[in-house]
Amino acid sequence: MDAAARPAVLYGRRKGQRPEPTPANGLEEYNVPDSIFLPTGVDLRQVTVLPKAEWVRIRDSVDSAAREAARIHAERKERKDMHLRSKAVVKNWPNTIAGQAQRKLKAKKLREEKEEEERKLLDLEEAQFQAAKRKEAIEQAKTYQYYQNERVKGLHKALLLTEVLKERDAQIEFKKTKPDIYKKKEEEMEREREKAILKEQEKAYERYMNRQALCRDHLEQIKEHKHQAELDKLEAKKEGEEIQRLIELYELEVQRKNEKKLEEKLEHRKMHCAHVADQDILKAIEKQKQEEENDKIRAHFRAKQNMAKLRREKETEMNRLMQERRDITINHLAEQMKQTFERIDERVARDVAEREAEWEKELKEKEEKTKAELKSIAEHRATVIKMKEEREREARLEGKEKLHELMEADRIYLEMEKDKKRRNRNENIKMQETQIQQMVEKRAKEQHEKQAELNYEAQKEVIAICKEREFQEYANQVIDSESKTARNIYPLLKAAKEGAGGGHGPVYRERGGIRPSYQARDINGTQLPSYNCNTTEEIKELNTNGNIQQTKGRLGFTW
């Protein structure tokens, strides 16, 4: 309203107002760009100057859509920023759904970590338990394997024999002391019998007192049962009266229910009669509708029969017309075929005459062609003779060139053969070096295998010594334990004798301390006795040369 009340001022600035200083070009007040100026030569008296409010209104009406879009965009951005700030604030709240879910996930993660730690501890305990079981099984297997050794078996047999001997000595001692034992046993039995008699008398007196107390308890129970029976009779009488009253009430209730059922039955009968009457009416209506439907169907069927009859008559008429058209067409075609045959005969006669003229013309051309071919053959023969002479001359030149090539090829072949011989000589030298290297490696390998065998034998001796020491320790423990209880431990001493093998011969220290067996050539396979004296050693020294190298030289084994 304010902008409309102000009149538009024409022809420049209004009088009575001083211009206010404006920065720069003085156009920021109206948001006019600096580059917008009036064209040169414009009459200022023809320019309309609008008030600021009017200008703002015009500008707002022009830019309203853009400002509205900017405002909506700013509002959306503000709502989005507010939503993000709200999410950032609510993110760590514990009483929200997301916070509860986060807390549950965190609790689940902690619970799973705890369960995983427990499982790790269980796995560690299980691994330790399984390792202990494996170690125990290995120890049992080692013990079983050790007990399956022949020497240990022999020691256990000797231990069993020692136990048998100990039992036999104990039986002998028992046989000597058996009369005294029987006498002591009879005295002990007599004392036991007297104690049993006294104990039986005490038990009989205790049973008598228990029977007396039981009789008193039975009398008290009889009195109590009589009193309880009288109370039960009074209670039963009261219950009977109550039951009679309940029966009368039940009969009244049953009579009321029967009367009510009778009334409901009569009501249902009336409703059924009405329903049956309605059903009869409905059936009559349905029957009438069915008859009307049947009449419509019969009328439709008669109409279809009439249409079929008309269709058949129309088809008969159409067949007759088609037959007439067919006869007319056949007659016309016969006339056309007759004319066609006449034209074909005329064309055949004309073609025969043309063919004879062409044959005469071809015969003349053939004669001329034959003459031209004879002439070309003569020219070709002269050309061939000339080309043959030229080829012979070229062949001679090619023969000389091939001779030079063969000579060059022979020279190259001789050089290749020389090179081949040189390569073969070098390969033979390399092969000899390889063979020498292989021989050296084979000798080193043999020495290594021999050293490994010696080491293996040494390890076997060490293992045999360790086993012998272990067996002797075990045997000494068994002998010490049995020497305290048994008097005859000779079988154990014999089984624990030094040297594995169980023979009667000497112990071989250089072969692990074994004692081999020597058998005689008899049917029983009995071992030879372990006789050993100085005479045998003396005879052996007389028949044995001390220096074996002299014997080898005497026999010719020198290299």
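For the condition surrounded by 10 or more Cβ atoms within 10 Å (Cβ to Cβ), under 60 Å from the mean Cα position of the chain (by Cα) and among the acidic types (Asp, Glu), residue 408 does not qualify. Check segment 206-227 and report whether any residue there is among the acidic types (Asp, Glu), under 30 Å from residue 171 (Cβ atoms) and either in contact with a helix residue (DSSP H, G or I) (Cβ under 6 Å, 6 or more places away or on another chain) or open to solvent by 100 Å² or more (accessible area, probe 1.4 Å) (or both). No; the residues of segment 206-227 include none that is among the acidic types (Asp, Glu), under 30 Å from residue 171 (Cβ atoms) and either in contact with a helix residue (DSSP H, G or I) (Cβ under 6 Å, 6 or more places away or on another chain) or open to solvent by 100 Å² or more (accessible area, probe 1.4 Å) (or both).
A count restricted to segment 93-126 and to residues that are open to solvent by less than 100 Å² (accessible area, probe 1.4 Å) and basic (Lys, Arg) stands at 1. Can residue 202 be described as out of contact with any His (no Cβ under 8 Å at 6 or more places or on another chain), at pLDDT below 85, assigned to a helix (DSSP H, G or I) and not hydrophobic (A, V, I, L, M, F, W, C)? In short, no. Just one of the listed residues (188, 167) is under 26 Å from residue 487 (Cβ atoms), out of contact with any Lys or Arg (no Cβ under 9 Å at 6 or more places or on another chain) and surrounded by 10 or more Cβ atoms within 10 Å (Cβ to Cβ), namely 167. Whenever a residue of segment 82-106 is outside any helix (DSSP H, G or I), its partners that are of a type outside the set (Gly, Ala, Ser) and open to solvent by less than 100 Å² (accessible area, probe 1.4 Å), lying with C-beta atoms within less than 9 angstrom and at least six residues away or across chains, give the pairs 94/100; 96/90.
For segment 235-245, a tally of residues being of a type in the set (A, V, I, L, M, F, W, C) and open to solvent by 90 Å² or more (accessible area, probe 1.4 Å) returns 1.
Here's the yes/no breakdown for (1) farther than 30 Å from residue 165 by Cβ; (2) among the β-branched types (Val, Ile, Thr); (3) part of a helix (DSSP H, G or I):
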site	(1), (2), (3)
440	yes, yes, yes
444	yes, no, yes
448	yes, no, yes
456	yes, no, yes
464	yes, no, yes
468	no, no, yes
473	no, no, yes
476	no, no, yes
480	no, no, yes
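Note on segment 431-471: residues that are of a type in the set (Phe, Trp, Tyr) and more than 19 Å from residue 149 (Cα to Cα) amount to 1. Flag not set for residue 136, criterion: out of contact with any strand residue (DSSP E or B) (no Cβ under 9 Å at 6 or more places or on another chain), open to solvent by less than 90 Å² (accessible area, probe 1.4 Å) and part of a helix (DSSP H, G or I). Just to be sure before I move on: is residue 456 under 58 Å from the mean Cα position of the chain (by Cα), of a type outside the set (A, V, I, L, M) and open to solvent by less than 100 Å² (accessible area, probe 1.4 Å) in the structure I sent? It is false that residue 456 is under 58 Å from the mean Cα position of the chain (by Cα), of a type outside the set (A, V, I, L, M) and open to solvent by less than 100 Å² (accessible area, probe 1.4 Å). Checked against the criterion of being under 60 Å from the mean Cα position of the chain (by Cα), modelled with pLDDT of 75 or more and open to solvent by 80 Å² or more (accessible area, probe 1.4 Å), the candidates 67, 57, 79 yield just one match: 79.
Selection of first residues in segment 479-496 that are farther than 18 Å from residue 170 by Cβ and modelled with pLDDT under 80 and of second residues that are in a helix (DSSP H, G or I) and open to solvent by 60 Å² or more (accessible area, probe 1.4 Å), restricted to Cβ pairs under 8 Å at least 6 apart or on distinct chains, gives the following pairs, ordered by first then second residue: 495/157; 496/476.
The values are calculated or read from the model by the stated rules, or taken from the named source; none is laboratory data. These figures come from a predicted structure and were not determined experimentally. A quick note on method: Cβ atoms are made from the backbone with ideal geometry, for glycine too, and the neighbour counts reach across all protein chains shown. Areas reflect the complete protein model, heavy atoms only, side chains present, ligands, DNA and RNA absent. Shrake-Rupley method; radii C 1.70, N 1.55, O 1.52, S 1.80 Å.
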